Amino acid sequence: MSSRLIGKYYLFQATRSVGFISPIFTLFVLRDVSFTQYGVLSALSSTLVVLGEVPTGYVGDRYGRRTSLALSVAFTVLSLLGFVVAQSFWPYVLFYALWALALTFASGSADAWLYEVLEERFDADDFTRIRGRGASVMRWTSVVTMVAGGALYAVDPRSPFVASVALNGLGLAVLFTLPGSRRYGDDADEDSLADDRITVLDALPLVRRQFASRPLRPFVVYAGLFFAVVSAANSYIQPVTRGLFQATLESATVAGHALPLGVVLGLLYAGFTVVSAVASYFAGDVEEAFGLWGALLVVPVATAVLLVLPRVAVAAALPMFVAIRGSKALLLPMVNGHLNDHVGSAGRATTLSAFSMLWRLLRVPMVVAAGVAADAVTETAAVAGLGVVFLVGAGVTLLVDSPAERSAAA
């Protein structure tokens, strides 16, 4: 396997990090908008991501993976530049929309490109290992940039965005040094692709056939439900953490001087990201040691139980946060690898994007319901409810149509 090519892929993953802005993004936006407007912006972004997954996945299937990835990087950079100058609600609407488009253009095409390059040049069985380590590289980059971003925010709130523009913009230069897959490369023969590339009219029926068939149907429901639950629970890490460690945050000092909030949050988020980086790095090793379904049955159930435990013992909140951040990072390379194994090259990016759309769509009512529960009771009760939702939903899925058995049979 060419270490040079894989090294370039890892470098590209590093440039996709948004660690400079992650720990301070909410604070930055709330300088100019109300909490209600901030909620509207978040809902708008989620809706655009859901609606855009399949169309942007189609772009990757029809016009090439690198084209889709280049659009993702371009929209990311434009959005970041916009946040530097935005000072009111309506400009934020535009730049949130650009950010959502950037996410959807990359969600299916990045993994589709990697899988096809490995399949054509090396060994597709290495997908989980390389995908996991690429995500780990991105997260380790985020660890460093989160700490730096928090410090930069204390100097000038706009400076983390400027730093992120430089890092993400570098991704375009790296991207154009990566080869296209032979099937979707820039020098591919259009005539030879005529029967293989899908049309826009083919996209949705293709996704429906893929997800309705066995063994993908129960697999998609089970994995999608888990990712929706942990993503919804992840929204409560900051408020629950702030409540648990309020006294620590207020008393955090260096040489007798109070640490700026941005610095504290940068360090905190960096710590959580270390967990994700380690989990992602060893995804291939875990799958090899325990098997796909060994990991998919144990990790989600254990994570769901940890979501419930803080209602009984507050001290369980910290391992719960670790599980929320680490479980998705560990399992996503395995899940996308399994989906890649069961779909053809034509429609691969569309199918992967559709799976992302599915669990994000499931997340929407969960976030709304959790918000109602948090207002009525507490944040820990809301998170515990999400854990119960997964345990019940997973139990029904396994009883009705065991995905593990169907996958083995196939």
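The values are calculated or read from the model by the stated rules, or taken from the named source; none is laboratory data. Not measured: the values here are computed from a predicted model. Don't worry about glycine lacking a Cβ; one is built from the backbone with ideal geometry, like all the others, and counts go over all protein chains shown. Surface accessibility is based on the protein's heavy atoms, side chains included, excluding ligands, DNA and RNA. Shrake-Rupley method; radii C 1.70, N 1.55, O 1.52, S 1.80 Å.
Overview of results
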{"item": "Subset of the range 1-19 that is within 13 Å of residue 114 (Cα to Cα) and of a type outside the set (Ser, Thr, Tyr) - its residue that is surrounded by the fewest Cβ atoms within 10 Å (Cβ to Cβ)", "result": "7"}
{"item": "Counted residues, the range 261-283 - those being over 18 Å from the mean Cα position of the chain (by Cα) and open to solvent by less than 50 Å² (accessible area, probe 1.4 Å)", "result": "5"}
{"item": "Residues of the range 380-391 that turn out to be surrounded by fewer than 19 Cβ atoms within 10 Å (Cβ to Cβ) and modelled with pLDDT of 90 or more, as a count", "result": "2"}
{"item": "When residues of the range 289-301 are limited to those that are open to solvent by 10 Å² or more (accessible area, probe 1.4 Å) and touching a residue at least 24 places away in the same chain (Cβ under 8 Å), the one farthest from residue 392 (Cα to Cα)", "result": "292"}
{"item": "Filter result for residue 41 (part of a helix (DSSP H, G or I) and surrounded by 20 or more Cβ atoms within 10 Å (Cβ to Cβ))", "result": "no"}
{"item": "The range 302-335: number of residues that are at pLDDT below 80 and within 18 Å of residue 285 (Cα to Cα)", "result": "0"}
{"item": "Yes/no for residue 107 being among the hydroxyl-bearing types (Ser, Thr, Tyr), more than 21 Å from residue 169 (Cβ to Cβ) and in contact (Cβ under 8 Å) with a residue 40 or more places away in the chain", "result": "no"}
{"item": "Criterion (of a type in the set (S, T, N, Q), touching a helix residue (DSSP H, G or I) at 6+ places or on another chain (Cβ under 6 Å) and within 27 Å of residue 264 (Cβ to Cβ)) met by exactly one of 76, 56, 104", "result": "76"}
{"item": "Single residue of 243, 294, 266 found to be assigned to a helix (DSSP H, G or I), modelled with pLDDT under 65 and not aliphatic (A, V, I, L, M)", "result": "243"}
{"item": "Qualifying residue in the range 392-407 (condition: surrounded by fewer than 24 Cβ atoms within 10 Å (Cβ to Cβ), modelled with pLDDT under 85, closer than 30 Å to residue 61 by Cα and β-branched (Val, Ile, Thr))", "result": "no"}
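Here's the yes/no breakdown for (1) touching a Pro at 6+ places or on another chain (Cβ under 6 Å); (2) part of a helix (DSSP H, G or I); (3) open to solvent by less than 10 Å² (accessible area, probe 1.4 Å); (4) modelled with pLDDT under 85:
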position	(1), (2), (3), (4)
21	yes, no, yes, no
33	no, no, no, yes
62	no, yes, no, yes
74	no, yes, no, no
84	no, yes, no, no
91	no, yes, no, no
97	no, yes, no, no
